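Shown next, in C-alpha cells, is the structure this report addresses.
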Amino acid sequence: MSHRGPQQAAQKPQEARPAEDGDRTGRESSPTLRILMERPAGPDQSVQPESVRPLPAGTILHEYQILSMLGSGGFGVTYLAQDLNLDCKVAIKEFFPASFVRRLGDKVVRPKAMAWNGPFATGLQQFLVEARTLASFRHPNIVRVRRFFETNGTAYMVMEYEEGESLFRRVTGQGCPDRRTVLRIVLLLLDGLEAVHRSGFLHLDMKPSNIVIRPDGSPVLLDFGAARRLTTGKGRVITAILTPGYAPYEQYQEEGRLGPWNDLYSLGAVMYYMVTGRKPVDAPARITTDPMAPATEAADLDEYGVGLLTAIDWALDPDDRRRPQHVAEFRGALFDDDPSLNVRLSASVRAPFDRALLGTLESELAQHVGEQAKGLIDQAARSATHLGDLCRTLEREVPAGASQRTFRLETLRMRAKALVESSGDPPPAWPPTYQVDRPSGETPRQDQPQ
C-alpha cells in the first residue's frame, strides 16, 4: 500500500524530487565516505575538485572487471563490477578524494601537489581501517564488505551488490509508504544501527539515498562511516561531509557532541521524509526559530497515528541532549506507542506504571493545567495500568495545540526511558570501547551535488 499525506493527495510528493538527494541530472549521489582528513596549512587552501574521471568500463582490478560507475561523492567513486571468479556482481568503492587528487592515465591516482601527499596517505589508511571494520560486521541490514586491497596508488573496497532501489527513489516514484511499511523498515534499520553503535562506530550520513530497499521489502544501510580523532600535527582537519536536512546541528560544529543521538536524528529525518515526502529543514535554520512543521502536523495523522509521528518529532529535536540517546530509547518509543506492532510486544515490555515518576509527571502537567495537575493525576492513576496509559489519559486534559504536543513529547521521553530501565538490559555507555571525538578544525563540508 502506498499512502500520500494530505498535502500530497493525487500528486507526487512536492519535495521528493531527484535534485534534492542527487545531482542535477536526477541521478542519486553515491554514498558519502566518512573520513577525517588533514588539510595542509598554508596561505592558499582553496582546492577545487576536478571532474571525477572514473575507471573505464572493462578495467580489471584483481579478479573484478569494472562494468560502470554507480556514483561519486566527496571522497570516493563507486562502481558496479563483475567478480570473474564467482560470476556475480559486486560494488567497488575507490578512494578518490577529488578535491586534491587526479588520475594519471586510466588507472593511477596521485595527489595534485606534494603538499597533499601526507593528507592523502592519512585518508588512505583511514579508508582501509573503515573497510576492515565493515568487513567484521555480519548483519543483514548493513552492507557487507567482502574484501579490500590497494593498487593504482589508492585503495578499493569490494562490497556485496544489493539488488533493489533506494528509499529515495521508492518514495519519489510510489509516494509515502503506509504505517506498517514505515515501521518495518525503521525497526530493521534500528537493529543494524544498534550493532554499529555497540562496536563504537557511527554512520553519520543516514539519508534516503543511502538506504536500499530489497525486493523482499527489507532495508540495507549503505555507506558506513566512522568518526575518529586523527593526529593532525600542524595541519588542519576536514571533518565528515554531511547532508543538509539529514544531519543534526552538532555535526556542523567543530566541537559538536558525537554519539548515537546523531544517527537517531538522521533516522528521524529519513522517517519525516517517508511520511511527508519532504526533506526536513536544514538543522542550522531550526535553532533560533524553527520554521519546520512537526510531523504531527505535516503528515497524515489518521494513517500514521499520533504516537509514531511524535516519536519522529522527538528524534528530530534540534537539542542533541533532548532527543533519544540510544537506539533502545527510540525503539522503546515505537513499542510503547503500539503494542500490536509484533507478537513479541506483549504487556511485559510495556513501560510499567511507576509511582516514583508521579512527581516529575505532575510538574510537567502543571505547566499546562496549573494547580489541577495533582488531582488529575490522582484520578487517572486509579484506573491506569501502566505509565503509557496514565500519560495518554492525562494528555486529553491538556489544551489542544502546542501545549498538548509539548506534553506529549515530554511524556514520550519519560515512557521510553522507563521502558529501557525496566527491560533489565540497559544500553552501554557511549562510547563502549573508545572515545569517538570531534577533532578541532574546519566546519564539515556539505554533501552537495557533483
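The values are calculated or read from the model by the stated rules, or taken from the named source; none is laboratory data. Worth saying up front: this structure is predicted, and the values here are computed from it rather than measured. A quick note on method: Cβ atoms are made from the backbone with ideal geometry, for glycine too, and the neighbour counts reach across all protein chains shown.
Could you please tell me which pairs satisfy a Cβ distance under 8 Å, a separation of 6+ or placement on different chains, a first residue in the range 155-178 that is in the same structural domain as N85 (by TED's automatic domain parsing), and a second residue that is assigned to a helix (DSSP H, G or I) and polar (S, T, N, Q)? Every condition considered, no pair remains.
Scanning the range 126-185 for residues being among the acidic types (D, E) and in contact with a Phe, Trp or Tyr (Cβ under 9 Å, 6 or more places away or on another chain) gives a total of 3. Consider the range 173-219 and keep the residues that are part of a helix (DSSP H, G or I), in contact with a Pro (Cβ under 7 Å, 6 or more places away or on another chain) and not charged (D, E, K, R). The one that is surrounded by the fewest Cβ atoms within 10 Å (Cβ to Cβ) is L188.
For (1) within 21 Å of the chain's Cα centre (by Cα); (2) farther than 21 Å from D223 by Cα, each residue gets a yes or a no:
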residue	(1), (2)
P54	no, no
H62	no, yes
Q82	no, no
R103	no, yes
D106	no, yes
G118	no, yes
F127	yes, no
H139	yes, no
F148	no, no
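For F95, the criteria (1) under 28 Å from P215 (Cα atoms); (2) in contact (Cβ under 8 Å) with a residue 60 or more places away in the chain hold in every case but one, which is (1). Using the structure shown, decide if G175 is at pLDDT 95 or above, out of contact with any helix residue (DSSP H, G or I) (no Cβ under 8 Å at 6 or more places or on another chain) and within 30 Å of G305 (Cα to Cα). Answer is yes for this residue. Pairs meeting the criteria (first residue in the range 108-125 and without any contact (Cβ under 8 Å) to a residue 24 or more places away in the chain, second residue surrounded by 19 or more Cβ atoms within 10 Å (Cβ to Cβ) and among the aromatic types (F, W, Y), beta carbons under 8 Å, at least 6 apart or on different chains) are P111/F100; P111/F120; A113/F100; F120/F100.
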